[in-house]
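Colleague: Have a look at the structure that comes next, please.
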Amino acid sequence: MLFFRNTLLAFSLLFLFTTSTRAQLPEFTDLAENAAPAVVNISTVRVVAGDEQLRRFFSPFQRRGGPFDDFFEQFERFFGEQAPTRRTQSLGSGFIISSDGFIVTNNHVIRDATEITVNLLDSDNSYTAEVVGRDPETDLALLKIEADRPLPVLEFGDSGQARVGQWVVAIGNPFGLAHTVTAGIVSAKGRIIGSGPYDDFIQTDASINPGNSGGPLLDMQGRVIGINTAIVAAGQGIGFAIPSDMARGIIAQLQENKMVQRGWLGVTIQDLDENTARALGLTTTRGALIAEVIQGEPAEQAGLRSGDVVVAINGESVSDSGSLLRVVAQQTPGDSVQVEVMRRGEKQSFTVTLGTRDPERLAQRGAPSPRADDQGTSLGISLRPIDEREARAMGMTRPQGLLVTAVEAESEAARADVRAGDVVMEANQQPVNSIDDFHRVLREDAEDKGVIMLLIRRQAQTIFRTIPLE
């Protein structure tokens, strides 16, 4: 009898636990039914040239400086011109944001497409889409279709209010399976995955696969808090979405101007590490270090300098270089912003009238050859002054700085990412144009601080590298 009573009690508790657990799970049916009509299937056609096909075929075998590079190049040039073109097709997703037919998707879904076709859930008709505008830096694109009726729409939500652990729903066309609904949670926010300068992704474990790109990530009210855009190919349950707070302003610009204009300070920046912060007399690594102030650009005109650490823009805290990029990019060219910096241990404020950002490609150059006047240092690097010819090749108006001609393996300098070919312009914020200058800074300033901070010109950019002294 006692056994029967205990068994009955156990089954009762299990039933109650199962019932209560089920009661806590959300219901997705109404959300999916209401949102799905505004999610579209996007198919594209792209014409691939013959030489591009050959380039893709040979790319796994080619290595820069490899013994067969010349052969592959000549083979590709000769046969590429004769190879026939080929039509390729791809699928993606999108969602309607206005009843007159504006559709949001990813740029990579429609990039280089010669034909774009949109299919709706509740229609047997296909629509030819026009590209209104694209923003490759955030992987967003805006399309337009002409329909004979008002279309269902999805509204943007507030991704800033999204919380890690909350339920979300993804709708899209994975592997060509139209209008697939998956559910999961927000796994993380502010993810940086190296896809572009404005990485700030929402990570989710809602199932996202090829074909979901451009589709919406919805909160439980059916509002778009993200645009599904990337996956980890080797992982499961790891997908990434562009936050709606970032996308909303970009889409509005594309809709109005067919292009995106971003604010521009005119500086190159980098993150702070502990050694660099110590060299600057700071107690924290928060902020964005200005490595170079570009001549004639807004930052220089406002009085900002190399070595300043930006800690806030218009009162909004700047934690690192990524957050500075995002804050400035959200401003409109011509806006005036208050930039707070730490300069030699003191906080200062500057008013900067922003310019327009225009991405530039970096020039490439090789490492220098050793010469007899190279001089080794206790830091594990060899230095020498720059001559007139080298200065001209590097785009300098006159010789200045010291050229790094060699870096000892496993030295502190190597661990700090100092490379042969770098030009040391300053040491601990003091110009160094001779070996004597360098040793003086090392002796009189760096040894007391225990670190030496080098301002380095590398290719077409300027960066800081900090070396701890043993």
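The values are calculated or read from the model by the stated rules, or taken from the named source; none is laboratory data. Everything numeric in this text was worked out from a predicted model, so none of it was measured. A quick note on method: Cβ atoms are made from the backbone with ideal geometry, for glycine too, and the neighbour counts reach across all protein chains shown. What goes into the accessible areas is simple: the full protein's heavy atoms, side chains included, and nothing from ligands, DNA or RNA. Shrake-Rupley method; radii C 1.70, N 1.55, O 1.52, S 1.80 Å.
Colleague: Pop the C-beta distance of Gln348 and Ser99 into the FRET formula with R0 = 45 Å and round what comes out to the nearest 0.05.
Modeller: Once the sixth-power term is evaluated, E becomes 0.35.
Colleague: So what is the accessible area of the range 135-231 per residue, in Å², with the probe set to 1.4 Å?
Modeller: Averaged over the residues of the range 135-231, the accessible area is 40 Å².
Colleague: Roughly how far apart, in whole Å, are the Cα centres of the range 108-128 and the range 398-469?
Modeller: Taking the Cα centre of each part, the range 108-128 and the range 398-469 sit 55 Å apart.
Colleague: Given R₀ = 41 Å, FRET efficiency for Glu274-Gln236 by Cβ-Cβ distance, to 0.05?
Modeller: 0.70
Colleague: Which shape class applies to the range 274-324: rounded if a/c is under 1.5, otherwise prolate when a/b exceeds b/c and oblate if not, where a ≥ b ≥ c are the square roots of the Cα gyration tensor eigenvalues?
Modeller: oblate
Colleague: Here is a follow-up. Within straight cross-link reach of Lys258, meaning Cα distance under 16 Å, which lysines are found once same-chain residues fewer than 8 apart are removed?
Modeller: Lys144
Colleague: Same structure again: So, for the range 300-352, what is the accessible surface per residue at a probe of 1.4 Å, expressed in square angstrom?
Modeller: 47
Colleague: Another one. Using a probe of 1.4 angstrom, how much of the accessible area of the range 141-180 is carbon and sulfur, in percent?
Modeller: Heavy-atom surface of the range 141-180 belonging to carbon and sulfur, 1.4 Å probe: 53 percent.
Colleague: Let me know the charge dipole size of the range 415-458 about its Cα centre in debye, to the nearest 20, where only the beta-carbon of Lys, Arg (+1) and Asp, Glu (-1) is charged.
Modeller: Here the size comes out at about 240 debye.
Colleague: Further question on the same structure: Cut-off under 22 Å on the C-alpha distance; same-chain residues fewer than 8 positions from Lys347 excluded. Which lysines are left, in chain and number order?
Modeller: Lys449
Colleague: Along the charge dipole of the range 92-207, which of Thr204, Ser98, Gly176 sits closest to the positive end, that is, farthest toward it, with unit charges on the beta carbon of Lys, Arg, Asp and Glu (+1, +1, -1, -1)?
Modeller: Thr204
Colleague: How much area per residue is accessible in the range 379-470 when the probe is 1.4 Å and only protein heavy atoms are counted (Å²)?
Modeller: About 44 Å² of surface per residue is accessible.
Colleague: To the nearest 0.05, what FRET efficiency results for Asp122 and Gln338 with a Förster distance of 60 Å applied to their C-beta separation?
Modeller: 0.75
Colleague: Rank-order 37-43, 25-31 by packing density, defined as the average count of other C-beta atoms within 10 Å over each peptide's residues, highest first.
Modeller: The peptides rank, most packed first, as 37-43, 25-31.
Colleague: If you don't mind, there's one more thing I want to ask. Could you give the spread of the C-alpha atoms of the range 176-250 along their three principal axes, from largest to smallest, in whole angstroms?
Modeller: Here the spans come out as 32, 31, 21 Å, largest first.
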